[in-house]
Amino acid sequence: MQLREIENGLRREIEAVKSGKLSKRDFIHNMVLAGLTAPMASQLLMHAGVAHAQQYKSAYKPTKRGGGGPLRVLWWQGPTLLNPHFATGTKDQEGSRIFYEPLAAWDTDGNLVPILAAEVPSVANKTVAPDGKWVIWKLKQGVKWHDGKPFTADDVVFTAAFAADPASAAVTVATYKDVKVTKIDTYTVRVENSRASPFWADPLVGTAGMIIPKHLFEAYIGAKSREAPTNLKPVGTGPYKFIDFKPGDMVRGAINTDYHEPNRPFFDSIEMKGGGDAVSAARAVLQTGEFDYAWNLQVEDEVLKRLETGGKGKTTITVGGNIEFIQLNSADPWTEIEGERAHPKSRHPILNDPAVRSAMSMLVDKQSIQNFIYGRTGLATANFLNNPSRFVSKNMKYDFNPDKAAATLEAAGWKKGSDGVRIKDGKRLKFVFQTSINAPRQKTQQIIKQAAQKAGIDLELKSVAASVYFSSDVANPDTYTKFFCDVQMYTTTMTQPDPELFMNQFVSTNASSKANKWQGRNITRWVNAEYDATHKAAESEQDPVKRAAMFVKMNDLAVGDYTVIPVVARPRVAGMSSKLNAPLSAWDNDLWMLRDWYREA
Amino acid sequence: MSQYILRRLLIAIPSLLGISLALFTVLALAPGDPFGELAANPNVPPEVAAELRRKFGMDDPVLVRYWSWFTAMLQGSWGFSFVSRMDVDQLILQRLPTTLVVIGSSQLLALAIALPVGIYAATRPYSIFDQIANTLAFIGFSLPTFFTGILLILLFSITLDWLPFVYRADIAETGWRFYWEHFKQMIMPVTVLGLFQAGSWTRYVRSAVLDVIRLDYVTTARSKGLAERVVIGKHVVRNALIPVVTLVALQMPAIFGGAIVTEQIFRVPGIGSLLISAMLANDTPVIMAVTFVFSILVVFCNLLADVIYGWLDPRISYR
């Protein structure tokens, strides 16, 4: 079997590196020749316990602190609060990230980069348990809070306790509620995970890991959390100190002259302006140069290209795991069972036929959707799991072929009726296809509808206002988690470089239903025992290579059964001034490396 | 007079109560949830959103929630924003100065155009000046502000690169540069709002003056040999302005509402953009507070118009 072969080959090479027979560089070179990307190769080495092969390398050039003038960034949805543990969306995390820092952050290849930690823990250094059950973090010494107090292990322990207290109502509670963080000495903490997991680095790291000062929040842990004055006047360890904040409009910060990295930061002040819309934000950065950086430019590629022609700014694309995809309902949305539509126990009367599902997948013209709708901001893909590269399957192919789709249906007994729509046993091939109101999505719907018509499938297009479609309103039948129709399309986000959480979207025990107020993550209500077992096994598999193979298999099971049809991978798109040098990451906030941002002369 | 005002204020109370109840019910029935974004985030367990809903009392019946809002309001508390986790009155106060400056200047600009142009056009009806003024006024109030706003941005920010199109309430400058930067960024939003208003007011001033200028007492004044300046200034305009003043007072709240679009285009951090972002985030206490401020403005401006009207025209008596 092909998978086995890849796995064994990798193992031999990794062993060669460990025993010194092969240099790390040669290993990576060989892997690239074998068709793997360099980050994937370095990942394999890191997880196999070989010291970090390729880590984030700072390209920071300035030789002194400050002197860079103001840095102006535009967030078309401005932050509304500045406590990272209350952040309702990435906008709030980003606003907080100017001032607060985690122990370590994720670079765009999925590697950890130490920030407030002295080093990244590893099995080799005996700071991570071989089964990932505990982690020991050594903290950086000499770090000061903006008010001059020293940063110590107490702050780290406190942050975990603050977030873990259900009465604090922190949004990061899931990360902390089952872990135990204890102090070993002033600059060392130990994190005890509730279960053995190869993905040990979630608490105290990245977006959920920003450390808050104990001396300012101590009196406000629990039910009084919302009264803490520091919620609106952050005091952190970051490169910029807080000046003022107007929710939704403006966050301002000034240089932290005591910052714990030499020669940083470059800018004398930072200004984060909120409000407006994505198109005019793109314009202010790319065309007029009023601002240096704009976040999340959900703008048609054609418009971005036109704005870039002046040469004042450039669009940067950061490829992550987000994906625009189509779901085919496994449950029956048109019949009520126990008073519930699309009950997880029900099966869809037509889509349950594998021939129909495979025909549907042949009717999605991904290449045209990329070429004519998304451009650089949506890349046609055959896989659901697209990143980090070590988890990407090479077995899935996509094929746009309406004739083959028609032939498949014909062979399965679906015959064309007088109106051109296929019928079998009195059931017509007619589906309701819903998505949110958003120009590229409506265009995609049209492209698919036309192809489906040729093959004899009638698609009724439905579009729901985004504020309703993506809400969790239990009373509204049109939310995406209810999925009370046959086919739907939206983008799902992958927030961690580890796919365990991302891939739980197909685990049958997670099915979205009335019992869990439609908050289960398995929205298609797909049931596959092999998938469930593989996901369960991956949760505790310690061998990174085997585990990667498991996620590849899960992707192939879900995509191969056509429960979902991947359409385009959605990279993160930002605009920046052509002189700005800002390292970005797909697995962390845009401002994850704000300290390294500088402007070229 | 004072008795009349008192009576009007007392009548205002039940109407404000009715407005607040209607607003609250509509908002409670509207789809959406301030913690919807949390529910879509796989890292946040559903219990957190449920706990937040419970904590902010969102699972109570509408009437219970209305009652707690109402009693808090009586004690002077405007509520607590779900999204920003801060007091609503603080949020509004932060934004008020910007709104007042931008809307105030645009109204002054509108008056500064409408009064002289309207009066001059009325004294020379159907002259070339009148025709041109009329045409421009029609264009002025038939072009929506979101259109003229984008047009100005295209011309002055993008083609000519003279003016910034992102409004920044905090400018890190001092001295004359501070005022200059503020002036520069205010030009476009104030012009857009001011010209729109000036269009309809010019038409109104012109017809009001035209109504008065034909009356007998004006002819009498002229025949006394008074200078034309005195006739127009003292006899015509004074009387003609009575309905105009009422109109300006009555339109004030509408202007606050109409400025929302302009605030959005230029990213002016005023009350209007606060309302929009609160609506998008389903932040009910903020929506409630801002719309309630608007309704108080409407009731108050109505009262003001009535009072000013009687003061200008003593024939109207208050009983």
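FYI, it's all coordinate maths here, none of it is from the lab. Everything quoted here is computed from the prediction, not taken from an experiment. Methodologically, a virtual Cβ is constructed for each residue, glycine included, from the backbone with ideal geometry; neighbour enumeration extends over all protein chains shown.
Name the shape class, rounded, prolate or oblate, that the alpha-carbon gyration tensor gives for the protein assembly as shown, where a ≥ b ≥ c are the square roots of its eigenvalues, rounded holds for a/c under 1.5, and otherwise prolate holds if a/b is larger than b/c and oblate otherwise. Here the protein assembly as shown falls in the prolate category. Simple point charges give the picture: +1 on the Cβ of Lys and Arg, -1 on the Cβ of Asp and Glu, and for segment A:53-108 a dipole about the Cα centre of about 360 debye.
If a spin label sat at a point 7 angstrom from the Cα of A:HIS215 along the line to its beta carbon, the backbone N atoms of segment A:98-112 nearer than 18 Å would be those of A:100-101.
Here the sum of -39500 (n - 2.57) over DSSP H runs of 4 or more residues, divided by the residues of chain A, equals -7000 deg cm²/dmol at 222 nm, to the nearest 500.
Arrange the following residues from fewest to most other Cβ atoms within 10 Å of their Cβ: B:SER105, A:SER585.
Lowest count first: B:SER105, A:SER585.
Would you tell me the mean number of C-beta atoms belonging to other protein chains that fall within 10 Å of each C-beta in A:82-92, as a whole number?
Values: counts 2, 1, 0, 0, 4, 4, 14, 6, 2, 1, 3.
The mean count of partner-chain Cβ atoms within 10 Å per residue comes to 3.
Net charge of the neighbourhood of A:GLY110, taken over other residues with C-beta under 11 Å away and scored Lys/Arg +1, Asp/Glu -1, is -3.
Remark: mean inter-chain Cβ contacts per residue of A:239-252 equal 5, using a 10 Å Cβ-Cβ cutoff to other protein chain atoms.
Computed on segment A:486-528, with alpha-carbon pairs under 8 angstrom and 6+ residues apart, the relative contact order is 32 percent. This ranking places B:PHE70, A:PHE431 by how few other beta-carbon atoms lie within 10 Å of each, fewest first, which gives B:PHE70, A:PHE431.
Mean per-residue shielding of peptide A:402-408 is 0, counting Cβ atoms of other chains within 10 Å of each Cβ.
When the charge dipole of segment A:487-601 is built from unit charges on Cβ atoms (+1 for Lys and Arg, -1 for Asp and Glu) and taken about the Cα centre, the candidate among A:ASN528, A:MET554, A:VAL568 whose Cα reaches farthest toward its positive end is A:VAL568.
Taking the Cβ of A:ARG195 as the center, what net charge do the other residues with Cβ under 15 Å away carry, scoring Lys and Arg +1 and Asp and Glu -1?
Local net charge: -3.
Each Lys and Arg adds +1 at its Cβ and each Asp and Glu adds -1 at its Cβ; summed about the Cα centre, segment A:156-227 shows a dipole of about 60 debye. Between B:PHE183 and B:LEU21, the distance separating the two model label sites (each 7 Å from Cα on the Cα→Cβ line) works out to 5.3 nm. Toward the positive end of the charge dipole of chain B, with +1 on the Cβ of Lys and Arg and -1 on the Cβ of Asp and Glu, the farthest Cα among B:ILE11, B:MET86, B:HIS235 is that of B:HIS235. When chain B is treated as a Gaussian network with alpha carbon springs shorter than 10 Å, the biggest mean-square fluctuation among B:GLY257, B:GLY118, B:GLY175 belongs to B:GLY175. If R0 is 22 Å, the Cβ-Cβ spacing of A:LYS61 and A:LYS144 corresponds to a FRET efficiency of close to 0.30.
Report note on the peptides A:572-584, A:494-506: ranked by the mean count of other C-beta atoms within 10 Å, highest first, their order is A:494-506, A:572-584. By the count of neighbouring beta-carbon atoms within 10 Å, fewest first, A:TRP134, A:TRP200, A:TRP106 end up ordered A:TRP134, A:TRP200, A:TRP106.
Entry note, segment A:160-224: relative contact order of 33 percent, from Cα contacts under 8 Å with a spacing of 6+ residues. Placing +1 on the Cβ of every Lys and Arg and -1 on the Cβ of every Asp and Glu, with no other charges, gives chain A a dipole of roughly 600 debye about its Cα centre. Extending 7 Å from Cα along the Cβ direction at B:ARG8 and again at A:GLU227 yields two label points whose distance is 4.3 nm.
Dividing the summed helix terms, -39500 (n - 2.57) for each DSSP H run of n ≥ 4, by the number of residues in chain B produces a 222 nm estimate of -24500 deg cm²/dmol to the nearest 500. For chain B, the membrane-span-like helices by this rule, meaning whole DSSP H stretches whose C-alpha atoms cover at least 20 Å of axis and whose Kyte-Doolittle mean is 0.5 or above, are B:2-29, B:88-123, B:128-142, B:238-266, B:284-312; this says nothing about an actual membrane.
Its relative contact order, with pairs defined as Cα atoms under 8 Å and 6+ residues apart, puts chain A at 18 percent. Positive contributions from Lys and Arg (+1) and negative ones from Asp and Glu (-1), summed over other residues with Cβ under 15 Å from the Cβ of A:GLN496, come out at -3.
Within a straight-line Cα-Cα reach of under 25 Å, A:LYS397 can be paired with the following lysines, leaving aside sequence neighbours fewer than 8 residues apart in one chain: A:LYS366, A:LYS443, A:LYS449, A:LYS454, A:LYS546, A:LYS553. Taking θ as phi - 60° and the Karplus parameters 6.51, -1.76 and 1.60, the scalar couplings of segment A:575-591 work out to x, 9, 4, 5, 8, 7, 10, 9, x, 10, 9, 7, 10, 8, 5, 4, 8 Hz in sequence order, x denoting glycine and proline.
Each residue, A:ASP185 and A:LYS314, gets one label point 7 Å from its Cα in the Cβ direction; the gap between the two is 4.6 nm.
What's the extension gain from B:ASP211 to B:ALA72 if we count 0.36 nm per residue and subtract their Cα-Cα distance?
On the way: separation 139, 0.36 × 139 = 50.04 nm, distance 5.05 nm.
Going from the current span to full extension adds 45.0 nm.
Think of the protein assembly as shown as a dipole: +1 on every Lys or Arg Cβ, -1 on every Asp or Glu Cβ, centred on the Cα centre; then among B:GLN185, A:GLN445, B:SER223, B:SER223 lies furthest on the positive end.
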